[in-house]
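Structure first, commentary second.
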Amino acid sequence: MAVSKFTKNLVLAGMVTAIALLLAEVGLRMAGARPGTYILSKDFKVVDSPFLYKNYITDEAGIYKLSPWVSDTLWHYFISEPNTINTAEFNNTFIAQDKLDQCMQDFVSIQNPKCCRNFSRILHNYRTNNTHTSLLKDTFNSIKKNGAINTWQQAILKYVNHPFNTDGFRSIGFNNDSTDKLKVLLIGDSYVFGYSASPFHASFSDNLLAKGYMIYAAGIPGTDPAQYAAIAQKYIPIIKPDIVVMCFYEGNDYMPYNRTPQHMHPHEYMSNAGFFISAPHGEFMDFTTCYRYYKSLLEIPNTQHNAFNSIMAKSALTSLTWGGLLKANLVKHPIVEASNQQLLQMQQNYQPEFTARHIHSFDTACRKYNTPVLYTVIAQRDDVNHTGSEDAIPDTMRAQQVFGNIPFQYCRHTKRKLHYQTIDSHFNNEGHLVFTNFLDTLLKPFALQKIKQ
């Protein structure tokens, strides 16, 4: 019996559809999609063997800092292969997205401008308008030419050659240096660390160092006032600074829950599955428990007892389709619903005293050692309360809730479009320079007073 034209076309259409679905499945899996996972998340992914990278540790005081692996071992990898840090051991130990290797390249290039230049860095500087020269580079070259004759100059020479100190910070060494320069302990998060300055040594902490201050920069990305207080309590008696400066970033320094720094209790996990906080609802979880929790939020639920969900979890394509159904409220995810409800309750029950408690501890530590302190607030790039202004001005009323009677100051000259990155909302080089001048103005009276003494 002859096969009809309609049947042939139907078979052909079926074959084309099957091939298209197969190609789609292969493409999705190459892009990172997995059967049973209904969404492709930029922040978290399901992996076969989750492990933590060694970028950071939490010390005995609960302070989150760069690990000895970074301050010591990483440097040896870099020296031996300045442009090809790409060994299996390296990639399974260190996460490059944290930009620590880029930071090392920036400092190596101070002495060897031909090193570490590549098209992606040039393109990044062009896109972000990071064209200003580094004050630290100019100061280093001057010291190198004329010779180091004092403690400040010697500290800069050592710092350029090894930008991560043994205490786990991107800074000169945390020592009780004898110097006529004003000793400033600068405490904060990624802004103090220098994120989005390109090169890193164009950051405001390095600019201030180049201007003649002894800057002990205790900045670690993602940290909060709980960390700041712990740093003050531990390092003020070690460094004996002339003044301490807190750089409070209103974007994420308001603490949603009452965190207490503890050894082996990091505020976040940095793993091959992504970055995720260790207490998503205010209760600390160990790494394995935390990974399983975030994994459960991305997986199609109840596949053992729900036939439809079980079928949809068989391929990456059908799993993502299930995700579309969830977005359209056609299916339910009980774990996600419970999580959203917990987050909503935590936001509604936000208490300013969670943050205020650590600011008070910070202030108490400074007073205990009779150390003057300056509090500065860094504005968000796009604060919803000030969208009509080109100036980046913090929400002073909210800040007042956590600082109470403690006076704080903020830079009145930072502009949203001119001084912040559009990619990650940190300062660009121009923003770092503006904030440098702001802090320089605040610190000059203390520097002059020290000279007179």
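The values are calculated or read from the model by the stated rules, or taken from the named source; none is laboratory data. Just so it is clear, the model here is predicted, and its values are computed rather than measured. Positions of Cβ are generated from backbone atoms using ideal geometry, with glycine treated the same way; all protein chains shown enter the neighbour counts. Please note that ligands, DNA and RNA were not included when accessible areas were found on the heavy atoms of the full protein model with its side chains. Shrake-Rupley method; radii C 1.70, N 1.55, O 1.52, S 1.80 Å.
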Using modelled backbone amide H atoms (1.01 Å from N, in-plane), which distant-in-sequence or interchain residues come within less than 5 Å of GLY219's amide H? ARG170, GLY188
Provide, for q = 0.10, 0.20 Å⁻¹, the log10 of I(q)/I(0) from a solvent-free Debye sum over equal Cα point scatterers in segment 316-430. -0.56, -1.08
For the chain, take the longest principal axis of its alpha carbons; what is the angle in degrees between that and the long axis of helix 225-239, to the nearest 10 within 0 to 90? 30 degrees
Hits among aspartates and glutamates - C-alpha to C-alpha of LYS240 under 12 Å, sequence gap 8 or more where chains match: ASP177
Give me the accessible area of GLU390, 1.4 Å probe, in Å² rounded to the nearest 10. 100 Å²
Given Cα pairs under 8 Å that are at least 6 residues apart, what percent is the relative contact order of segment 3-79? 13 percent
So, taking all protein chains as they sit and a 1.4 Å probe, how much accessible area belongs to TRP69, in Å² rounded to tens? 40 Å²
Suppose only helical runs count, i.e. DSSP H with n ≥ 4. What mean residue ellipticity at 222 nm does that imply for the chain under -39500 (n - 2.57) per run, divided by all residues and rounded to the nearest 500 deg cm²/dmol? -14000 deg cm²/dmol
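For the chain, what does the convex hull of the Cα positions come to per residue, in cubic angstrom?
196 Å³
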Kindly express, to the nearest 10 degrees and within the range 0 to 90, the angle between helix 135-146's C-alpha long axis and the longest C-alpha principal axis of the chain. 50 degrees
Given backbone amide H placed at 1.01 Å from N, residues whose amide H is under 5 Å from that of ILE378, ignoring those fewer than 5 places away on the same chain, are PHE248, TYR249, GLU250
Can you list, largest first and rounded to whole Å, the semi-axes you get for segment 280-373 by taking the square root of 5 times each eigenvalue of its Cα gyration tensor? 44, 14, 11
Show the residues, 5+ positions off or on another chain, whose built amide H is closer than 5 Å to the amide H of GLN421. HIS426, PHE427, ASN428
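Would you mind calculating the relative contact order of the chain from Cα pairs under 8 angstrom and at least 6 residues apart, reporting the percent as a whole number?
Working: 689 pairs, mean separation 92.5, N = 453.
Relative contact order comes out at 20 percent.
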At a 1.4 Å probe radius, carbon and sulfur cover how many percent of the accessible area of the chain? 55 percent
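Before anything else, pin down the relative contact order of segment 183-274: Cα pairs under 8 Å, at least 6 apart, normalised by residue count, whole percent.
Relative CO of segment 183-274 lands at 37 percent.
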Centroid-to-centroid separation of segment 299-333 and segment 153-202 [C-alpha atoms, Å]: 50 Å
In degrees from 0 to 90, rounded to the nearest 10, what is the angle of the helix 316-327 Cα long axis to the longest principal axis of the chain? 70 degrees
Tell me, what is the Rg over Rh of segment 199-240, with Rh the Kirkwood radius over Cα pairs? 1.02
Considering only Cα-Cα distances, which of the following residue pairs are longer than 31 Å: LYS54/LYS211; LYS144/LYS181; LYS99/LYS234; LYS234/LYS295? LYS54/LYS211; LYS234/LYS295
Among ALA20, MET104, MET312, which residue has its Cα positioned farthest towards the positive end of the charge dipole of the chain, with +1 placed on the Cβ of Lys and Arg, -1 on the Cβ of Asp and Glu, and the dipole taken about the Cα centre? ALA20
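Need one word for segment 410-453: rounded, prolate or oblate. Basis is the Cα gyration tensor (sqrt eigenvalues a ≥ b ≥ c); a/c below 1.5 gives rounded, then a/b vs b/c decides.
Prolate, because a/c is 1.5 or more and a/b exceeds b/c.
May I ask you to rank ARG367, ARG259 by accessible area, largest first, using a 1.4 Å probe over the protein chains only?
ARG367, ARG259
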Enter the accessible area of VAL373 (Å², nearest 10), with the probe set to 1.4 Å and all protein chains included. 40 Å²
From most to least accessible, 1.4 Å probe, no ligand or DNA/RNA atoms counted, ARG29, ARG34, ARG357 line up as ARG29, ARG357, ARG34
